[in-house]
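The values are calculated or read from the model by the stated rules, or taken from the named source; none is laboratory data. It should be emphasised that the depicted structure is a prediction, and the values quoted were computed from it without experimental measurement. With ideal geometry, Cβ positions are generated from the backbone for all residues, glycine too; neighbour counts draw on all protein chains shown. Accessible surface areas use protein heavy atoms only, side chains included; no ligands, DNA or RNA. Shrake-Rupley method; radii C 1.70, N 1.55, O 1.52, S 1.80 Å.
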Amino acid sequence: MKPPVAKRLALLGGAVSLLLAAGLAAGVWFYFQIRASLPRLDGTVRLAGLGAPATAARDALGVPVIRGRTRLDVVRTLGFLHAQERFFQMDLLRRRSAGELAELFGKAALPMDRSTRVHGFRKLAAVVVQRLPADERAILDAYAAGVNAGLAALRQKPFEYLALRTDPQPWRPEDSILILYSMTLDLQDSTGTYELSLATLRDRFGFAGVAFFAPLETPADAALDGSTGALGPVPSASVINLRSEAVTLHRPTIPAPAPVLAPMRDPEALPGSNSFALAGAHTASGVPLLANDPHLDLAVPLIWYRASLSWSEPGDVTVTGVTLPGFPIVVIGSNGHVAWGLTTAYADVGDIVVVEINAIDHSLYKLPGHDELIPIEKRKEVIRVKGGAAETIEVPWTHWGPVIGTNSRLRPLAYHWLPHDPAATNLYCIHLAEAKTVAEAIDVAHHSGVPAQNFLVVDRAGQIGWTIIGPLPKRVGFDGRLPTTWSFGDRRWDGLVPPDEIPTVIAPPGGRLWTANNRPLGGPALALLGDGGYANPPRATQIRDDLAALEQATPADLRAIQLDDRAIFLGPWQRRLLSVLTPEAVAQKRSRGELRQLVEHWEGRAAVDSVSYRLVRAFRLKVAELVFTPIFADCLDQQPSFDWRRFHYEAPLETLLQEQPMHLLSPHYAGWNDLLLAAADAVVSDLDRQGEDLAHATWGRRNTARILHPFGRMLPRWIAGWLNRPATPLPGDVDMPRVQTPYFGASMRMVVSPGREQEGLLHMAGGQSGNPLSPYYEAGYEAWVKGEPTPFLPGPAVHTLQFTP
């Protein structure tokens, strides 16, 4: 080798060695910084503000039992633990609802911040805190002080702030209200999209079209009162005729990519949950059983933090379950007297108001009770952006709320949403910890200012009950399902529904209750609840029927319902697909023969190794797409956010396939059977484009959990893989009790009887800690993956932290 070449290679080798050494040194440095941010597990900590000593004893899964003399001492200690284990998560949640993510992530977070700033939640949270009664304010103050003490006690700030090159900001009492608002954004329609879709449907097809394509009540409903509804008639050719030359057909639209920080979600997966209960007459112990599994976006760390809180003054209270880091209570759990669970209610707590503006000056509008026109307010929001200039946005606001668009007559549309009212939010739910009966717990629920949820509760005396926790608007002059004008005072909200009028079911005759985000009741109760976009009935139906078969039930029996992945809903679709793949059809196309053979082997479950489930599921979705895309093409042109998948479309789809009206069939097909065959062929071709062999296209390959850390989509794979959960194929889907998609599913599963907590079960889709070096970063996750039970109560103490005043 020539000397110059050897010299250059030697220099290159030296440079590479230096780079490797620098990279190794940086990695070692970062590792020790992460270690320095590990939470304190043992020893003694001075916690200012305590009235007496307190303890936090963690078990093998990192679940703490926090004991103190007073509730304020326990809440202060809980804040300390939350901050040490989960502060970055808490920070993201408060910033999510405040619209302050761009301060951490720069321009990438601006789209999300812009949409959130419309609501002005940061200022609203401060107003809420000022309105709280003294006992509720004291809880927030003690919790905030504990959070800040826990953050300060870390030897190094959480590692995410090192990566972002910024410092964490102190916790304020109003930040816990922002946590509530963050959950509200996840669980409710913050933009009126569902109502806008209904309005667009009405504008195109009239009220009869709404009755058929978007029924509020269907023949297959599983309401608690047994109510169902007949489907309206098929719209005639005078309303829509796809065979007409005047109709322009559209190809299916491809949704825009989600912002980098937005959670990934299956388009048919709605935030929701299952909860169900059996009265003592149907359980082995004679005490009621309650089950709850909240379905949420899955991430690292998990949204929940398990804890058992115990104080002796006032009263003697122990409450165990899951807490939400950033919020100072047990959200779901048991206090030994009552146990409760929550599911998203999809009650209608927001209305779109058609604003009557001046014909000349569109900035002025009519408001009832005012002789003069009122100017539309221009609210300015300044968004600070990391690494860039601050951005100022202007949000038009009316008396009823922010302007979210215009209707077909170019009238502004304002969104009157209950969370915008500070009177709708409070901390009265803290009193659930002290409730001793179903009646007492329901009374607390009716005075609590939280996002409207189905509230299922049981007590040790044998009672079970259902109601809504959180406020509901009291409508006058309209049902709230479609936009209307409020400018003349005959349509309005008359405050909130009084507690004694909130729909409630106690001691149902069958001794069974269930909620699965479906419509819970009909009649006058439904008129009060309204329509916020209830979930389709199949999941609730399956839970109802599973419960009906149980006698002498144990916690394991209710856990089995939570893990039920039977595809009862898809059984008719499997038979339909086979009926389409006739010998004649198979003879025309070779791939149809293989498809038929695979579908004939019907396991009837959303199992990870099932090919037939995946194929039948894809067939149903493709049929719906081919049927409804041309029907709703004009709606999508009129309203880009129009989403027919939010409607209860199964009943109308079934009706169309049975009646086969030619005027509602795309002219691409000579008959309805041709559409079904095209859907079957598309199942094969779609898999072929994805590079998947039909015979090996299992459900597990499609339904592989991807549970990511917030940095998981930003960092190099070798680092992200260390933070993220392993990609794991999982059973379940959205139309059965075991809800599971790659990014969404049961965040935890709980089964418990009050007073018999030692027999209860609880597992979560993640560990207790947000620090990847903590032994509790993944602890318990494997049990969730396998559906295995872990005890509801914390186990023996492994680590004990003492707190002194």
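What are the membrane-span-like helices in the chain by this rule: whole DSSP H runs, Cα extent along the axis at least 24 Å, mean Kyte-Doolittle hydropathy at least 1.0? Correct list, ordered by number: 3-36. Loop-located trypsin sites (Lys or Arg not before Pro) in the range 321-424 (DSSP state other than H, G, I, E, B) with a sparse environment of at most 15 neighbouring Cβ atoms within 10 Å: R384, R409. From the alpha carbon centroid of the range 168-228 to that of the range 723-780 is 26 Å. Note on the range 358-460: Cα-only Rg and Dmax are 21.0, 66 Å. Look at where the Cα atoms of the range 478-512 and of the range 658-705 average out, and the two centres are 42 Å apart. Pairwise Cα distances in the range 527-636 exceed 26 Å in 40 percent of cases. Using C-alpha pairs below 8 Å separated by at least 6 residues, the relative contact order for the chain is 20 percent. Candidates P661, I430, P537 compared by Cα position along the dipole of the chain: farthest toward the positive end lies I430, with charges placed on Cβ. Between the C-alpha center of the range 88-163 and that of the range 545-608 there is a gap of 45 Å. For the range 695-796, trypsin sites (Lys or Arg not before Pro) meeting the loop criterion (DSSP other than H, G, I, E, B) and having at most 13 other Cβ atoms within 10 Å: R713. When DSSP beta bridges are restricted to pairs lying wholly in the chain, around 85% turn out antiparallel. In a shell of Cβ-Cβ distance under 13 Å around A152, excluding A152 itself, what net charge do Lys and Arg (+1) and Asp and Glu (-1) give? Once positives and negatives cancel, what remains is +3.
Averaging 1/r over each pair of different alpha-carbon atoms in the range 494-560 and inverting the result gives 14.1 Å, the Kirkwood hydrodynamic radius. Normalising the average separation of contacting C-alpha pairs (under 8 angstrom, six or more residues apart) by the number of residues puts the relative contact order of the range 600-721 at 36 percent. Local charge for P520 was computed over the other residues whose Cβ lies under 15 Å away, with Lys and Arg +1 and Asp and Glu -1, and equals -1. For K378, a cut-off of 16 angstrom between C-alpha atoms picks up these aspartates and glutamates, skipping any fewer than 8 places away in its own chain: D361, E391, E394. Among the GluC sites (Glu not before Pro) in the range 132-202, none sits in a DSSP loop with a Cβ that has at most 15 other Cβ atoms within 10 Å.
Computed over the chain, the P(r) curve from all C-alpha pair distances, binned at 20 Å from the origin, holds 15, 46, 32, 6, 0 percent per bin.
Size estimate for the range 652-805 follows the Kirkwood approach: the inverse of mean 1/r over distinct Cα pairs works out to 20.1 Å. Heavy-atom accessible area, probed at 1.4 angstrom with all protein chains present, ranks H416, H668 as H668, H416, highest first. Scoring 436-442, 468-474 by mean Cβ neighbours within 10 Å over their residues and listing the highest first yields 468-474, 436-442.
Here is the size of the range 653-700 from its Cα atoms: Rg then Dmax, 14.1, 39 Å. At q = 0.12, 0.16, 0.24 Å⁻¹, what is the base-10 log of I(q)/I(0) for the range 191-245 according to the Debye formula with one equal point scatterer per Cα and no solvent? Please give it to two decimals. Summing over Cα pairs of the range 191-245 leads to -0.36, -0.60, -0.95. Electrostatic bookkeeping for P498 treats Lys and Arg as +1 and Asp and Glu as -1; over the other residues with beta carbon under 13 Å from its beta carbon, the sum is -3.
Report the percentage of all Cα-Cα pairs in the range 745-805 whose separation exceeds 19 Å, rounded to a whole percent. Value for the range 745-805: 42 percent of Cα pairs lie more than 19 Å apart.
A straight Cα-to-Cα reach below 23 Å connects K589 with the lysines K622, residues fewer than 8 places away in its own chain not being considered. Each of D693 and T406 was given a label point 7 Å from its Cα along the Cα-to-Cβ line. The distance between the two points is 5.8 nm.
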